[in-house]
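Engineer: Quick one: this structure, given as structure tokens, is what I'll be asking you about.
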Amino acid sequence: MQAYTRNNPAYASKLKEERELTEDKDLALRPTRVTAAVGEMYLSRHWQGIPGIECAGNGRLWAAFYSGGEEEGPDNYVALVTSGDEGRTWSDVLYAVDPPGLVRAYDPCLWHDPSGRLWLFWAQSYGWYDGRCGVFAATCDSSGDASLVWSEPRRIADGIMMNKPTVLVNGDWLLPIAVWACESSGLNDLPEERFSNVWHSADQGKTFRKLGHADIPNRSFDEHMIVERKDGSLWMLVRAFYGIGESVSQDGGKTWTPGRQSPLGGPDSRFYIGRLRSGRLLLVNHYQYRRRSHLTAMLSEDEGRSWTGHLLLDERSHVSYPDVVQAEDGRIFIIYDHERSKAKEILLAIVTEADILNGSLVSEQSVLKQLVNKA
């Protein structure tokens, strides 16, 4: 093998190649606006998945997912659709985040902050994975309307965040942002940041800073979520190759216990955990299955030590990536994808806590497998 020494012409060529790649990668640092989705490319899609959902105060639903190109890669864009009739019917793609060139937008997250402002978070990367990526965000103040005015986007941090922030009892926000440890770009992989990171805002999103991180053995793509327990501790759950890992913080997220495997099981896939208005915890996962089937909702009344109910949402294969929002009337909206490249469906379950506790639908307005979008 030829050595890259300073006296070797190949050394200069190698440096030039790496410099050009770094400069290209920096295109992913540029914010991309949320714009109206105009054009055939937003109507004809070869695949789609990885959804998120939110509900405005007047009941209007917004859903985000990503698509573009033949598969996950540099042609990806984030798409937004809406429903004004409680999820029965949905619009075509109204808005998109579609970076130019080989920069992709992906892993969207929708979230209403405590003031009612709607946030759209997404990741940008040069190519499939550039080792750094970046979390971007845009906001709007009128999510109950069918037409939105989005703020200028801004870059918050290195990494990726597809799950909703956590608002602590004291009002602070914690954002679950990760720089993947399970993937490498071969260049600028930020070894000091390759953890399940926690970013913090004490000023309602004006500024953000990195607070701490957990280190979960054999974690996969992180996709972590944080719950504040009633004793004040923080419980972090992290996607891992064996299912779900866990870590705990007793100091507001600055330091975390050594990561370990949780008893929650499931496949190597995204899950959802969050606190409902009743005080119960809701977990949506592939219960007792190691593949992406039998997506199930379950409840805990003892801060996650045990789970009851087990409402089967979808028994089929290739159902995955749930996200959840609870409306003001208590109904729970659970969005997920089904066969990203075949059926190409984004689906919705609308359920209540009574349905979950009963293990079957008992509420009149509840429904399973409601179609949100089919490419």
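Bear in mind that the values in this text are calculations on the coordinates, not laboratory data. Model, not experiment: these values are computed from the prediction. Ideal geometry is used to build each Cβ from the backbone, glycine not excepted, and the neighbour counts take in all protein chains shown.
Engineer: What does the charge dipole of segment 196-282 about its Cα centre add up to, to the nearest 20 debye, if the Cβ of each Lys and Arg holds +1 and the Cβ of each Asp and Glu holds -1?
Structural biologist: 260 debye
Engineer: Note the per residue figure in Å³ for the convex hull of the C-alpha positions in segment 31-162.
Structural biologist: With only Cα atoms used, segment 31-162 gives 96 Å³ per residue.
Engineer: Can you report the principal axis dimensions of segment 222-370 using only the alpha carbons, biggest first, rounded to whole angstrom?
Structural biologist: Taking max minus min along each principal axis of the Cα atoms, segment 222-370 gives 42, 34, 22 Å.
Engineer: For segment 340-357, take each phi angle, set θ = phi - 60°, evaluate the Karplus expression 6.51 cos²θ - 1.76 cosθ + 1.60, and give the result in whole Hz per residue in order, putting x for glycine and proline.
Structural biologist: Result, ordered by residue: 4, 10, 10, 5, 6, 10, 10, 10, 9, 10, 10, 9, 10, 4, 5, 4, 5, 4 Hz.
Engineer: Counting Lys +1, Arg +1, Asp -1, Glu -1, what net charge surrounds A214 among other residues with beta carbon under 10 Å of its beta carbon? Walk me through the numbers before you get to the answer.
Structural biologist: On the way: positive: R219; negative: D215, D222, E246.
Neighbour charge sum, excluding A214 itself: -2.
Engineer: Just flag the trypsin sites (Lys or Arg not before Pro) in segment 279-351 sitting in loop per DSSP whose Cβ has no more than 16 other Cβ atoms within 10 Å. Write out the running numbers ahead of the final one.
Structural biologist: Working: sites: R280, R290, R291, R292, R305, R316, R331, R340, K342, K344; in loops: R280, R290, R291, R292, R305, R316, R331, R340, K342, K344.
Sparse-neighbourhood loop trypsin sites (Lys or Arg not before Pro): R290, R291, R305, R316, K342.
Engineer: Follow-up. Compute, for the chain, the length of the dipole vector about the Cα centre, with Cβ point charges of +1 (Lys, Arg) and -1 (Asp, Glu) only. Units Debye, rounded to 20.
Structural biologist: On the way: 41 positive and 51 negative charges, 96 e Å.
The calculated dipole for the chain is roughly 460 debye.
Engineer: Hey, what's the per residue convex hull volume over the C-alpha atoms of segment 303-375, in cubic angstrom?
Structural biologist: Roughly 104 Å³ of hull volume per residue.
Engineer: Based solely on C-alpha atoms, express the radius of gyration and the Dmax of segment 228-285 in angstrom.
Structural biologist: According to the Cα coordinates of segment 228-285, Rg and Dmax are 11.9, 32 Å.
Engineer: Neighbour counts of other C-beta atoms within 10 Å: give me C182, C140, C109 arranged from fewest to most. Walk me through the numbers before you get to the answer.
Structural biologist: Working: C182 15, C140 18, C109 25.
Lowest to highest Cβ neighbour count: C182, C140, C109.
Engineer: Using the alpha-carbon atoms, what tilt in degrees (0 to 90, nearest 10) does helix 9-25 show relative to the longest principal axis of the chain?
Structural biologist: 30 degrees
Engineer: Could you compute the FRET efficiency for S360 and D24, with r as their C-beta to C-beta distance and R0 at 51 Å, rounded to 0.05? Walk me through the intermediate numbers first.
Structural biologist: Working: r = 53 Å, r/R0 = 1.04.
Calculated transfer efficiency: 0.45.
Engineer: Moving on to the next point. Suppose each label sits 7 Å from its Cα in the direction of the beta carbon; what would the R117-Q261 distance come out to in nanometres?
Structural biologist: For the pair R117/Q261, the computed spacing is 4.3 nm.
Engineer: While we're on this one: Over 23 Å between C-alpha atoms is what I'm after, so list which of K344/K369; K25/K374; K164/K206 land there. Please list the in-between numbers first.
Structural biologist: Values: K344/K369 13 Å; K25/K374 33 Å; K164/K206 17 Å.
Over 23 Å Cα-Cα: K25/K374.
Engineer: Between E70 and D92, what length comes free when the chain is fully extended (0.36 nm per residue of separation minus the Cα-Cα distance, one decimal in nm)? Numbers along the way, then the final one.
Structural biologist: Working: separation 22, 0.36 × 22 = 7.92 nm, distance 1.99 nm.
This chain segment gains 5.9 nm when fully extended.
Engineer: Given R₀ = 41 Å, FRET efficiency for K254-A36 by Cβ-Cβ distance, to 0.05? Before the final figure, lay out the partial values.
Structural biologist: Working: r = 42 Å, r/R0 = 1.02.
Efficiency for this residue pair is about 0.45.
Engineer: Oh, and also: Please express the shape of segment 240-320 as an equivalent ellipsoid: the semi-axes are the square roots of 5 times the eigenvalues of the C-alpha gyration tensor, given largest first in whole angstrom. Write out the running numbers ahead of the final one.
Structural biologist: On the way: eigenvalues 105, 58, 18 Å².
So the three semi-axes of segment 240-320 are 23, 17, 9 Å.
Engineer: Still on this structure: Skipping prolines and chain starts, which residues have an amide H placed within reach, meaning under 5 Å, of the one on G134, given they are 5 or more residues away or on another chain?
Structural biologist: So G134 has HN proximity to Q124, G159.
Engineer: As a footprinting exposure proxy, order C133, C55 by other Cβ within 10 Å, with the fewest listed first.
Structural biologist: On the way: C133 28, C55 24.
Fewest-to-most ranking of C133, C55: C55, C133.
Engineer: Given a Förster distance of 41 angstrom, what is the FRET efficiency for E152 paired with S278, based on the Cβ-Cβ distance and rounded to 0.05? Could the numbers behind the result be given before it?
Structural biologist: Working: r = 38 Å, r/R0 = 0.93.
Calculated transfer efficiency: 0.60.
Engineer: For P99, what is the net charge nearby, where nearby means another residue's Cβ is under 14 Å from its Cβ and Lys, Arg count +1, Asp, Glu -1?
Structural biologist: On the way: positive: K25, R30, R33, R104, R155; negative: D24, D26, D75, D98, D107, D130.
Residues close to P99 contribute a combined charge of -1.
Engineer: Could you work out the local net charge near Q365, counting Lys and Arg as +1, Asp and Glu as -1, over the other residues with Cβ closer than 13 Å to its Cβ? Mind showing how you got there, number by number?
Structural biologist: On the way: positive: R88, R331; negative: D85, E86, D329, D355, E364.
Here the charged neighbours net out to -3.
Engineer: For segment 31-162, calculate the relative contact order in percent as a whole number, restricting contacts to Cα pairs under 8 Å that are 6 or more residues apart.
Structural biologist: Numbers: 346 pairs, mean separation 29.8, N = 132.
It comes to 23 percent, rounded to a whole number.
Engineer: Now for a different question. Assign unit charges at the C-beta atoms only (+1 for Lys and Arg, -1 for Asp and Glu), then state the dipole size of segment 31-162 relative to its Cα centre in Debye, rounded to the nearest 20. Numbers along the way, then the final one.
Structural biologist: Details: 9 positive and 17 negative charges, 52 e Å.
Using Cβ point charges on Lys, Arg, Asp and Glu, segment 31-162 gives about 260 debye.
Engineer: Just the projected area, averaged over all directions, of the convex hull on the alpha carbon atoms of the chain: how many nm²?
Structural biologist: In nm², the orientation-averaged hull projection of the chain is 19.5.
Engineer: Additional query: Measure off 7 Å from each Cα along the Cα-to-Cβ vector at S293 and D141, then give the distance between these two points in nanometres to one decimal.
Structural biologist: Reported label-point gap for S293 and D141 is 5.1 nm.
Engineer: Order of I346, I334 from fewest to most other C-beta atoms within 10 Å? Mind showing how you got there, number by number?
Structural biologist: Numbers: I346 29, I334 24.
Ascending number of Cβ neighbours within 10 Å: I334, I346.
Engineer: Right, something else. Rank V372, Y272, L61 by how far each Cα sits towards the positive end of the charge dipole of the chain (+1 on Lys, Arg Cβ; -1 on Asp, Glu Cβ) and give me just the farthest.
Structural biologist: Y272
Engineer: Would you calculate the separation in nanometres between label points at E339 and A202, each defined as 7 Å from the Cα along the Cα-to-beta-carbon direction?
Structural biologist: The two pseudo-label positions are separated by 5.2 nm.
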